[in-house]
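A.B. asks: One structure is given below, represented as C-alpha cells, and several questions about it will come after.
Where a number appears in this text, it was derived from the coordinates with a stated rule and is not lab data. Nothing here was measured: the structure is a model prediction, and the numbers come from that model. Cβ placement follows ideal geometry from the backbone for every residue including glycine, while neighbour counts extend to all protein chains displayed.
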Amino acid sequence: MEPRGGWLDETEQRAWQGLLAFAMLALPELERAQRRHGLVHIEYGLLAALTERSFRLSDLASMLNMSQSRLSHRMNKLRDRGLVTVRPCLDDGRVTIAEITPSGRCLVEKIAPEHVEDVRRLVFDSLSPAQTRALADALQAVMSGLRMCSPD
C-alpha cells in the first residue's frame with residue numbers, strides 16, 4: 001500500500017532525519033540542563049511563560065499544547081516546590097489561575113541565561129538569519145497542524 005502522497009522525497013527525508021536527530025540529541029541535552037535545577041524542560045517552559053503574566057490553566061495548556069491532565073500534574077509539582085500558586089479566579093470560580101511565586105521567578109532568572117546559551121549553541125549558531133526565519137516559519141506551520149490534531 002502506498003502512503004498518501006507517495007513516499008518521502010529526498011528533501012522530506014532529509015528534513016525528517018534532521019528533526020529526529022534534533023529530538024534525539026539536542027532535546028535531551030536541554031533536558032539535562034534543566035534537571036540540574038530539579039526541573040524537566042516542560043516545567044521550565046511553564047515557569048518561563050508565567051514570568052510574563054498569570055494565566056488561566058486552560059489557556060496555559062492550549063498555549064503549550066499540553067493536555068489538562070499533564071498540565072495539572074506538572075503544576076502540582078511546581079506548586080509543591082513553592083514555585084507557582086494556583087487559585088480560583090475572583091470573577092469566575094470555574095476558572096483556575098496560575099501565577100509564579102517570587103521563588104519561581106528567582107529560579108527562572110537563574111536558569112534563563114544558561115538556557116538561552118544552550119539554545120543558541122544547539123540551534124541558532126549553525127544558522128544564518130535567513131535560515132532562522134525560514135525555520136521559524138516552517139515550525140510555526142507544523143505546530144498549527146499539530147494543534148489541529150490535539151486530542152484536547
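A.B. asks: Go ahead and estimate [θ] at 222 nm for the chain from helices alone: -39,500 (n - 2.57) per DSSP H run with n ≥ 4, summed, over the residue count, rounded to 500.
C.D. replies: Only helices count here, giving -20000 deg cm²/dmol.
A.B. asks: Follow-up question, since we're still on this one. Among (i) 136; (ii) 154; (iii) 111, only one was calculated for this model; which label is it, if the read-out is volume of the Cα convex hull per residue in Å³?
C.D. replies: The value computed from this structure is option (ii).
A.B. asks: Just report the Cα centroid separation between the stretch 1-23 and the stretch 104-129, whole Å.
C.D. replies: So the two Cα centres are separated by 29 Å.
A.B. asks: Defining a contact as two alpha carbons under 8 Å apart and six or more residues distant in sequence, what relative contact order in percent does the chain show?
C.D. replies: 21
A.B. asks: What are the ³J(HN,Hα) couplings of the stretch 58-72, residue after residue, when phi is run through the Karplus curve with 6.51, -1.76, 1.60 and θ = phi - 60°? Round to Hz, x for glycine and proline.
C.D. replies: Once θ is set to phi - 60°, the couplings for the stretch 58-72 become 5, 5, 5, 4, 5, 4, 9, 6, 10, 6, 4, 5, 5, 4, 4 Hz.
A.B. asks: Moving on to the next point. Between rounded, prolate and oblate, where does the stretch 64-152 land on the alpha carbon gyration tensor, with a ≥ b ≥ c its root eigenvalues, rounded for a/c under 1.5, else prolate if a/b exceeds b/c?
C.D. replies: Note, shape of the stretch 64-152 comes out oblate.
A.B. asks: Could you work out the local net charge near Leu27, counting Lys and Arg as +1, Asp and Glu as -1, over the other residues with Cβ closer than 15 Å to its Cβ?
C.D. replies: Summing Lys/Arg as +1 and Asp/Glu as -1 gives -1.
A.B. asks: In addition: With a Förster radius of 30 Å, plug the Cβ-Cβ distance of Val116 and Leu146 into 1/(1 + (r/R0)^6) and report the FRET value to the nearest 0.05.
C.D. replies: My answer for the efficiency is 0.75.
A.B. asks: Something else now. So who's got an amide H within less than 5 Å of the one on Phe55, skipping anything under 5 residues away but keeping other chains? H placed 1.01 Å off N, in plane.
C.D. replies: Those lying under 5 Å, H to H, from Phe55 are Ala98.
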